[in-house]
Amino acid sequence: MNKFFKLEERGTTVSREFIAGLTTFLSMAYIIFVNPNTLGASGMDTGAVFTATILAAAVGTLIMGLYANFPVALAPGMNAFFAYKVVLMMGYSWQQALAGIFVSGILFIILSATGLRELIINSIPTSLKHAVGTGIGFFIAFLGFQNSGIIVNNDATLVGIGNFTDPNVLITVIGLIVTLILLVRKTPAAIFIGMIVTAVVGIFLGVVDLPTQIIAPIPSLKPTFGALFEALPSIFTAEMIPVIFSFLFVDFFDTAGTLMAVGSRAGLVNEKGHLVDGDKALLADSTATVIGSVLGTSSTTSFVESLTGVEAGGRT
């Protein structure tokens, strides 16, 4: 274990890594529920997406951990862009969108395997890498504020403040306050605890329904597994090419920002500002994207929530 994961070299232990991994899991487990809900808007079977999300996250994270030895967990992301922009606004089928992610993942692997991707990332100023991650964070936050009702449409200013007497808005604000306090106090699993508190408050306010059972059958993967291959021949058009490169571009810079942010905190960035074993981490990320698209979910990518595990001591 020590030799394979370089525990002594990176100043960590098995127990510390276990706690770090558990902390990261608890911080990003929300994607298990958010991803099916978001992709379901595009017409996808939410049960199948639920299963695909878990499998893609598990396989992608195992590749990152066992091959790249990088303290980053992976899971499906870019789901809002997939569902709302590509499918609902641009009119492509979800099968075509999955095919687009598959092709972008193949391009990702080619860039990663040839070292070209790392060369490009290393040439980007560090400040810009961090800015990309921040921008994506603001985008996700904006969508969350929209879905909760904190931000609403306003014809005069485009965006406006929602009704804070609305129970949905109220529990969102409570959840945010609790989560921010826990994050400032550096409480492990702060995001997950904030979600639990929000759910409990929602139950008392009658917004969240109580579960009817604890254990249920695993939803079938059949509706989404391999569905992209039927649509694959139809995506090689002038109209679809920009979509493919949009998937590639967003995933590219999202990964760069996340790996740099996590790597910096974990001491895995050298004096030149380059990631230690960055080529392996990039290849693991791109491979996970391809696997996730075949299973039936949006781009599987490195999650910035991995920072919670690094703060808990994770280094491998």
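Going by the conditions given, is VAL59 modelled with pLDDT of 95 or more, out of contact with any strand residue (DSSP E or B) (no Cβ under 7 Å at 6 or more places or on another chain) and open to solvent by 40 Å² or more (accessible area, probe 1.4 Å)?
yes
Only one of these conditions is not met by LEU158: (1) surrounded by fewer than 14 Cβ atoms within 10 Å (Cβ to Cβ); (2) aliphatic (A, V, I, L, M); (3) modelled with pLDDT of 90 or more; (4) under 24 Å from the mean Cα position of the chain (by Cα). Which number is it?
Only one criterion is unmet by LEU158, namely (4).
Out of the residues in the range 1-54 that are of a type in the set (Val, Ile, Thr) and assigned to a loop (DSSP other than H, G, I, E, B), state the one that is surrounded by the fewest Cβ atoms within 10 Å (Cβ to Cβ).
If we take residues in the range 1-54 being of a type in the set (Val, Ile, Thr) and assigned to a loop (DSSP other than H, G, I, E, B), then THR13 is surrounded by the fewest Cβ atoms within 10 Å (Cβ to Cβ).
Residue by residue through the range 87-116, note down the ones that are closer than 15 Å to THR289 by Cβ and touching a Phe, Trp or Tyr at 6+ places or on another chain (Cβ under 6 Å).
Once the filter is applied, which keeps residues that are closer than 15 Å to THR289 by Cβ and touching a Phe, Trp or Tyr at 6+ places or on another chain (Cβ under 6 Å), the range 87-116 yields ALA97, GLY100, ILE101, SER104.
Residue pairs, Cβ under 8 Å, 6 or more apart or interchain, first in the range 128-153 and open to solvent by 90 Å² or more (accessible area, probe 1.4 Å), second not β-branched (Val, Ile, Thr) and not in a helix (DSSP H, G or I). List them.
Qualifying pairs under 8 Å: ASN153/GLY160.
From the list ALA266, ALA281, pick out the single residue that is within 17 Å of the chain's Cα centre (by Cα) and farther than 25 Å from MET89 by Cβ.
Sole residue among the options that is within 17 Å of the chain's Cα centre (by Cα) and farther than 25 Å from MET89 by Cβ: ALA281.
Residues being farther than 17 Å from ILE109 by Cβ and open to solvent by 30 Å² or more (accessible area, probe 1.4 Å): count how many of those fall in the range 63-77.
1
For the list (1) closer than 24 Å to GLY77 by Cα; (2) open to solvent by less than 80 Å² (accessible area, probe 1.4 Å), I need the number of the one condition that GLU239 fails.
(2)
Mind checking whether some residue in the range 280-293 is among the acidic types (Asp, Glu) and buried (at least 23 other Cβ atoms within 10 Å of the Cβ)?
Checked the range 280-293: at least one residue is among the acidic types (Asp, Glu) and buried (at least 23 other Cβ atoms within 10 Å of the Cβ).
The values are calculated or read from the model by the stated rules, or taken from the named source; none is laboratory data. These figures come from a predicted structure and were not determined experimentally. Please note: Cβ atoms are built from the backbone with ideal geometry, for glycine as well, and neighbour counts cover all protein chains shown. All accessible areas refer to the heavy atoms of the entire protein, side chains included, with ligands and DNA or RNA removed. Shrake-Rupley method; radii C 1.70, N 1.55, O 1.52, S 1.80 Å.
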